[in-house]
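Some notes on the structure that comes next.
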Amino acid sequence: TKRRCFFCTPQTFQKDLEDGRCDAKMVVCVVLDEAHKAMGKYAYVKVVDFIQKAGGKFRVLGLSATPGKNIENIREVVAALNICKIEARLDDDPNVKKYVHDRAYEKIIV
């Protein structure tokens, strides 16, 4: 069995799927960095839609440090990527805490 892994921009992957250079049915996992961009006509949305329409059996791992400006944006991303499970890690999470540095806040009233 051949196994292959591609590292590319979402636009390149979209074009490779559309042009038949990559068989959508062979895709088993798509990892999306900055997944919060998956709205509207962004390539992430088109890639996931293309693979689904081709009948592919695959999983999506969407990663984002900033999931969205508001709940509506988050819902749009969840729908576009067919997300069924969300996991969040906050600053006080043991797996994150060691990477978070002290921050100083200053409130300036104008």
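The values are calculated or read from the model by the stated rules, or taken from the named source; none is laboratory data. None of these values were measured; they are calculated from a predicted model. Note that we place each Cβ from the backbone using ideal geometry, even for glycine, and neighbour counts take in every protein chain shown. These accessible areas exclude ligands, DNA and RNA; they are computed on the full protein's heavy atoms, side chains included. Shrake-Rupley method; radii C 1.70, N 1.55, O 1.52, S 1.80 Å.
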Exercise for the section: Give region 51-110 a look and list any residue that's modelled with pLDDT under 90 and on the phi > 0 side of the Ramachandran plot, or say none. Expected result: 68
Handout entry: Residue count, region 12-66 (criterion: open to solvent by 80 Å² or more (accessible area, probe 1.4 Å), over 8 Å from the mean Cα position of the chain (by Cα) and among the acidic types (Asp, Glu))
Key = 2
Exercise for the section: Only residues that are open to solvent by 90 Å² or more (accessible area, probe 1.4 Å) and more than 28 Å from residue 42 (Cβ to Cβ): list them for region 74-98, please. Expected result: 92, 94, 95, 97, 98
Problem - Tabulated pairs, region 7-20, first over 11 Å from residue 50 (Cβ atoms), second at pLDDT 95 or above, C-beta under 7 angstrom, 6+ apart or interchain - result: 10/43; 10/44; 10/47; 11/43
Problem - Among (1) open to solvent by 50 Å² or more (accessible area, probe 1.4 Å); (2) over 18 Å from the mean Cα position of the chain (by Cα); (3) touching a residue at least 12 places away in the same chain (Cβ under 8 Å) - the single one residue 107 does not satisfy - result: (3)
Completion exercise
Of the residues in region 16-67, those that are among the basic types (Lys, Arg) and touching a Ser or Thr at 6+ places or on another chain (Cβ under 9 Å) number 1
